[in-house]
Each structure stands twice: as structure tokens, then as C-alpha cells.
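Report on the following structure.
The values are calculated or read from the model by the stated rules, or taken from the named source; none is laboratory data. These numbers come from a predicted model, not from an experiment. Positions of Cβ are backbone-derived with ideal geometry, glycine not excepted, and every protein chain shown enters the neighbour counts. With ligands, DNA and RNA removed, areas are computed over all heavy atoms of the protein, side chains included. Shrake-Rupley method; radii C 1.70, N 1.55, O 1.52, S 1.80 Å.
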Amino acid sequence: MATQNAPQSMYRSEEGLGIWEHRGKVAAVGIGHSPTERRWDGHRDTSVGALSILALRKAMEDAGVTPDQVDGLVITPVTTTGAFWPEEDPLPWDVIKSYNQTDDPLDGIAKLSAEWLLKNMPELTNVKYTQYGPTCMSNALNVASQAVGDGLTNVCLVLKAWHNLPGRYYQSGPNAHDTIQGTPAIRTLWGAPACSGTALQFAEYCRKYGKTHDMMAPFMINSRRNGLMMPEGYWYQHRPEELTAEDYEYARWIAKPANLFDNDIPIMMAGAYLFTTAERAKDMKQKPVYILNHASSEAIPRSLTPTLDEVEAETASTARKIYEGAGITAADLSFENMYDGFPQFHQFHIEGLGYRGIKFGEALDFYQTDISIEGPNPVSPSGGNIGAGRSRVWLHTDSIQQIQGRAGARAVTGVKPEIAVSGGPMPLGGNYTVWSATPD
Amino acid sequence: MTKRILISLDIDGTLEVGDPPGDLTMEMVRIAKSKGFIIGTCSDRPLSTQRKILTQHDIEIEFAVSKHMLPDVKEQFEADVYCHIGDRDDLDRQYAIKADFDFMWPDEAAAHHWFHK
């Protein structure tokens, strides 16, 4: 049977579940990243399938695990949010045929199945468990954590990959048709950019709390600075461009009050981790980073775009789930790596968490203080999607690297990296992981 | 009397140092500059990066702006001809038309006498 999405029972999406039953018994050990590219150049070795294989092999090597020891594979099968293969374009058969194929010719090109990976990674001889955590690495991490804890897999690779094609993002697929079915028709009919919902929430946030768009600048500058210290990231590898307050202020609006830099840049990349039990991790090459909890938000807004009230209620609920299952409080967080692509909802996430005691409406003031990696209140030390490109992976990689002491120039120095939280994407609809240097 | 010409340059897809590279070489820009044209950049790159790119190629520019700021350029500089050069219809040509600039595609510009001795 083809790999399926994880069952609902694997997610911790309710409040009141108590301490996670596998708290501290699951660990992340290995990390593997492919190089990044802005768009696919059509070559075999730069396809999303190729990048994925590379990242998975690096994760195994990093953990000091041989492929035959891996018995689980959890991935996200969707590799884009807005770059769909144009129906009128011929398929790249030379690349497709150079790999072992599945029934879908775009497998490994514009999407990714566990079956395609296993067909093209013959060294993975003992994988008995495969599962999808759809959409984001954050989701796949929740699934992998639960699967390892439940004993469904002992040594599990987790992967998220992204492709990006020539042409404009969000202009292909259903958006290229004359008609669109279902709810998206209402949004797309008006040509609203993807960031418009977040922009509306941010506009209401500014109105409610008396804040302004330019108060985001320190966060944006900090994120790009951190991202330029992430060697795995796009901006580091290709365009080491800092952002200044002036750069941010004078960027053109995409959906006012969201400007060009309030949107992350779509890229190609693959990121992978090796998860295992705390017991098994002891024998591996890198320091284990223990998982204290995973939590999910599955709230559905009443209308097309969540209101600010709904956002605040849900981020508060998510925080309660995160802390309850991990057996920690906000005061235990060394740093946070909540999602930022779109940056204008990062403050919703950290206000919900009550990071460093901030309450709703206070994050933009908090951004005016020292939020650097050198300070006592590091914000998004990964740099997130703003600092490294659209992957929704950096936040997790950084959390693991910080706690392992492998964050290099990006290492937080104002705090001791002991417990962190990362996850997203949306304030309504996301998955979160609590990482720890110790299992208890 | 010689016409005063202002040239606004997109970067990506327009200049040879863009991502992707475009048809206009930095030497061509230098030639236009040597003719006394008012030269600046108008790109989605951060303003600080726009300045840095041109500085790295020893070209002094009069302005560096975002795409929506062409009207500000027109207000700031007096010229007889205002021309924006870029590779995108939506992000270059349309912004140029809206700001009442002339417009050239990079390949047209590369062949234009402005950029040749």
C-alpha cells in the first residue's frame, strides 16, 4: 500500500492531554541539508528528488548511522505551495527516466513520494515504516516523534523538500485556470496575494494596539543577520545581502501593510533529520537533542481569513498545549524559533507563547529591545524564512544545532541553549516541537 | 542644447551582474555615465544592495530606489528624457508607464547608442 498521511491520533491537538507519554524518550541526532537554489535549472542532479536524496544521506552520515540501520521514513510529499508544473509544458522525460519512476512522472520533480525515495535509495534496505506528515517539516517532525515514541520505527529519517520552477510563484496550477472550484475561488477571484490574510491581521493588530509597520524593522534586520550566518541558507549561499531599516521602509507594498520583504523568497532545498529513541541516540555521532513534546493547532476560522481575535485565542491555546505536554513554562525557554514566513505573524506566535513574559500587543515593542543572538532574549536565531529562504526547516535545524553546540557563528551567547520551541506555519494550523538538551 | 537624459536601471534580468544576468554590461553603464547621463537603479533588491552592487563596479549612481518610487525620481531630478530599463512587464514596464517614463527592454537598451561610444 502506498504511504498514507499520518492518522489524526498521532497529533497532540487538544488541551488537557497532560505530559506527553514519550517526553524525553525521542531524540533528534543527525542533520542533512542539500544546497539551495532559487529555481530548478532542469538538470537531473538539481531536481527536488536529487536534493532530497542528498539531504537524507547527509543526515545519516551526520548521525553516524549506516543506511541499513534506518527503519523509518517520514516525509512531506508536497514540495511547493505555489510552483506547479504548467500543464502546457512538456515533461522533462530525460530527468524523469534517469531515475526509477513511480506511476506519477512528476514524482521527484514537482512532488515527492516515499516510494520514489525508496526506489532511488537502494541502500535503505530495512525501511518498514513510511508515513506522510503533510505540508511542512513541522508536521513531519510531530509524526516522526510520535512514531519513534510509539515504537513504530527506531531509527527514522524525516524529510522536507522544496522545488521551485521558472516563472512566477502562485501563477500556475489552479490559479492559471479560467475557473476555480471551491473556497479558493473566492480568494483568488480578487487576486489577493498569499500574504494578504496575514496583512489584514497585522493591520488590525496595529490599529488595536497602536503600532506601526516600521516597528517590524528590527525583527527583519535581526532575521536577515541571523540568516546570513546560516551556511545552509539561500541568502548566505547566493546573495549575502543585509537588510537595513531604510531597505525595509522603502520596499514596495505587496498587500499593504505587507511589503516585499514581508514575504519570503521561494527556493529549492531539502532538509532532513535523523530521529531515534533516547536510548539508541547514546551510541550515535552527535549529541542527542531530546524532544519534550509535540503539539498541533487545528483550529478552523469562522470565515476565509482568521480574525485577530481568533489568532490570539489560538496561539494562546497552542502555547498551553506546548507547555503542558512538555512539563515546562515560558520561563524555561532559552530561545524561540517560531515560524516567520510571513514575518508579520511571528509576533502572534511569540505573544501566544508569552515568550519572555510578553503579552498580546507587546511584541513590536519587544522587537525594539535587544533580540539578537548575543542578548538575553534571542528571537528567531535561525533567521527563519526571512533570513534563509522559504523552507520552513531552518527553525528546526537551528534549534537542534543550538542545543548541540553546532550553530557556529549563529550560536546564542546571551543564554545557555537548553530548551527551545520551534514550529508553524500559521497561527491557526500548525505543528510545534519542544527541544531539550536533557531528557528530563 | 544637449538633452539631459535620466536612465533608471533594473538589476535582475537587466544588468549582467543581475540574477539572472541581463544584456546590459557594466561597461555599457559606464559609457552612458561618461556621456553625462543621470544614472540610477530601480530594483526589488534592497536599496543598500543596489548601491553596493554599483559601487563594487566603480559606478557612481545618482539614485537607488524601489520600483514604486520612479515618480519620486522624476520629482527629484530635472531631465528632458526619463527612461527605465527592465526585463519584466509587470514590475518594470508597467511601473515605468505609470510614472510617465519611457521604457526599454534590456536587449533594446544594449543595442541603443546611449550605451556605445
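How about region A:243-274: which of its residues are closer than 26 Å to A:Phe335 by Cα, part of a helix (DSSP H, G or I) and over 21 Å from the mean Cα position of the chain (by Cα)?
Result: A:Ala245, A:Tyr248.
Looking at B:Asp90, B:Asp80, which one is over 22 Å from A:Leu243 (Cβ atoms), over 11 Å from the mean Cα position of the chain (by Cα) and within 14 Å of chain A (Cβ to nearest Cβ)?
Going through B:Asp90, B:Asp80 in turn, just one is over 22 Å from A:Leu243 (Cβ atoms), over 11 Å from the mean Cα position of the chain (by Cα) and within 14 Å of chain A (Cβ to nearest Cβ): B:Asp90.
Based on this model, can you work out whether A:Tyr290 counts as in a strand (DSSP E or B), open to solvent by 10 Å² or more (accessible area, probe 1.4 Å) and over 30 Å from A:Asp45 (Cα atoms)?
It is true that A:Tyr290 is in a strand (DSSP E or B), open to solvent by 10 Å² or more (accessible area, probe 1.4 Å) and over 30 Å from A:Asp45 (Cα atoms).
Can you find, within region A:403-430, the residue that is surrounded by the most Cβ atoms within 10 Å (Cβ to Cβ) among those that are over 19 Å from the mean Cα position of the chain (by Cα) and among the β-branched types (Val, Ile, Thr)?
A:Val412
Might you check whether a residue that is open to solvent by 20 Å² or more (accessible area, probe 1.4 Å), away from chain A (no Cβ under 14 Å) and among the hydroxyl-bearing types (Ser, Thr, Tyr) occurs anywhere in region B:28-44?
yes
Could you list, in sequence order, the residues of region A:431-440 that are in contact with a Leu (Cβ under 8 Å, 6 or more places away or on another chain) and either open to solvent by less than 10 Å² (accessible area, probe 1.4 Å) or on the phi > 0 side of the Ramachandran plot (or both)?
A:Thr433, A:Val434, A:Trp435, A:Ser436
Answer yes or no: is there a residue in region A:216-236 that is within 10 Å of chain B (Cβ to nearest Cβ), touching a residue at least 60 places away in the same chain (Cβ under 8 Å), in a helix (DSSP H, G or I) and of a type outside the set (Val, Ile, Thr).
Yes, because at least one residue in region A:216-236 is within 10 Å of chain B (Cβ to nearest Cβ), touching a residue at least 60 places away in the same chain (Cβ under 8 Å), in a helix (DSSP H, G or I) and of a type outside the set (Val, Ile, Thr).
Please find, within region A:12-41, the residue that is nearest to the other protein chains (Cβ to nearest Cβ) out of those that are under 23 Å from A:Gly430 (Cα atoms), open to solvent by less than 30 Å² (accessible area, probe 1.4 Å) and not in a strand (DSSP E or B).
A:Ser13
Can you tell me which residue is surrounded by the most Cβ atoms within 10 Å (Cβ to Cβ) among those in region A:1-11 that are modelled with pLDDT of 95 or more and aliphatic (A, V, I, L, M)?
Once the filter is applied, the top-ranked residue is A:Met10.
Can you find a residue that is open to solvent by less than 20 Å² (accessible area, probe 1.4 Å), part of a loop (DSSP other than H, G, I, E, B) and touching a His at 6+ places or on another chain (Cβ under 7 Å) anywhere in region B:46-68?
No: zero hits.
Show me the helices (runs of 4 or more DSSP H) entirely contained within region A:72-168 in which 2 or more residues are surrounded by fewer than 22 Cβ atoms within 10 Å (Cβ to Cβ).
A:93-97, A:114-120
Output the residues belonging to region A:1-19 that are small (Gly, Ala, Ser) and without any contact (Cβ under 8 Å) to a residue 60 or more places away in the chain.
Residue satisfying the conditions is A:Ser9 alone.
Check A:Pro240 against each of (1) within 14 Å of chain B (Cβ to nearest Cβ); (2) open to solvent by 30 Å² or more (accessible area, probe 1.4 Å); (3) within 23 Å of A:Pro381 (Cβ to Cβ); (4) part of a helix (DSSP H, G or I) and name the one condition it does not meet.
If we test A:Pro240 against (1) within 14 Å of chain B (Cβ to nearest Cβ); (2) open to solvent by 30 Å² or more (accessible area, probe 1.4 Å); (3) within 23 Å of A:Pro381 (Cβ to Cβ); (4) part of a helix (DSSP H, G or I), just (4) comes out false.
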